[in-house]
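Report on the following structure.
The values are calculated or read from the model by the stated rules, or taken from the named source; none is laboratory data. Model, not experiment: these values are computed from the prediction. Cβ coordinates were reconstructed from backbone atoms using ideal geometry, including for glycine residues, and neighbour counts include every protein chain displayed.
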């Protein structure tokens, strides 16, 4: 370290000495450092303050740092690095250069890399591996990068509870896992730092758990649409010369939606039934399911929500039937023909009962769909006990649920 850097570090510590005295001294195990005062750093600080951690901020401009939570110190990078054993690096990779002169301060400490990328394979190596090369004396752990600033600030009740970490040092990973657990998250050790590339690409994936359910929904919709198109539109045109192609937009779509919705709902509950039979056949519930059944069960929630979506489309298509041009034309034509022929039509009570019962049961069924879909949302699941969730989903505890 040069003489100029020592003088700058000393001036930073001296200028902020009143702030350091105002904060009670905490054991090093209960004190962490967050380098970076952006949205992610501030949100992490808020979450760390709840369980009682003492937070020290590291900033290149400690005097001008604003909008920071109460109860933390704001120091220069060098002073902040010396204040705690566990240090969160909440800055992007392109700003890592300032860490090189501080390599001695980071020696033997645990550095948690929170950086995110804008696209896959943005750099030749993972950010955590690059950080380890800059500060070889530190123990770098990749973690918390799959959580957004909003998730960190609001806690696991409104966000994903899973935190993935990786690193070379078992002790360093255990320290990060302890912090994540104390914050209310569930930490999963994914192995060595070579897995950092996978963890950094994970937030960039576009609906990974929805791919198979969407493919199934699109495939079923296309198959039934073309079947109904051939049966009702093309067949009528070929055999009778009728042009009823206008039914494609509403009538055919309204027939496809309930069919696909019911099939998707059955696909949502069927794997649970198969899993129960498989457990009974094996005589144990501790053996792992086959890979195809395991993947099927993991996407049950998506299958159920897609089923709800198709049911909702069916409701909308049904509601617009009376205002369609073809329906209004046929009703008007029928009424005019009755007037011209001086005829009347008797009110059929049986038909009225049939129609009202059909509509009432449809409304109740859609209400059940909505109830199942709402109780599958993470924010709702977190507010329900297991018994309440099981009662809504299946009526009794068991493996057949919408939740994956």
Can you name every residue in region 291-323 that is modelled with pLDDT under 90, farther than 18 Å from residue 216 by Cα and surrounded by 11 or more Cβ atoms within 10 Å (Cβ to Cβ)?
321
Residues located in region 194-221, provided they are closer than 16 Å to residue 144 by Cβ and either at pLDDT 90 or above or touching a strand residue (DSSP E or B) at 6+ places or on another chain (Cβ under 9 Å) (or both):
195, 196, 198, 199, 200, 202
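So which strands (runs of 3 or more DSSP E) are wholly in region 31-126 and hold at least 1 residues that are touching a residue at least 60 places away in the same chain (Cβ under 8 Å) and buried (at least 20 other Cβ atoms within 10 Å of the Cβ)? Let's see the steps before the verdict.
On the way: elements: 31-35, 54-58, 73-75, 86-89, 110-113.
In region 31-126, 31-35, 73-75, 86-89, 110-113 are the strands (runs of 3 or more DSSP E) which contain 1 or more residues that are touching a residue at least 60 places away in the same chain (Cβ under 8 Å) and buried (at least 20 other Cβ atoms within 10 Å of the Cβ).
Does residue 7 satisfy being modelled with pLDDT of 85 or more, more than 14 Å from residue 105 (Cβ to Cβ) and assigned by TED's automatic domain parsing to the domain that holds residue 113? Talk me through it step by step, then tell me what you get.
Values: modelled with pLDDT of 85 or more: no; more than 14 Å from residue 105 (Cβ to Cβ): yes; assigned by TED's automatic domain parsing to the domain that holds residue 113: yes.
Answer is no for this residue.
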In region 262-283, is there at least one residue being outside any helix (DSSP H, G or I) and modelled with pLDDT under 90?
yes
Any residue at all in region 299-307 that is within 25 Å of the chain's Cα centre (by Cα), part of a helix (DSSP H, G or I) and over 22 Å from residue 390 (Cα atoms)?
no
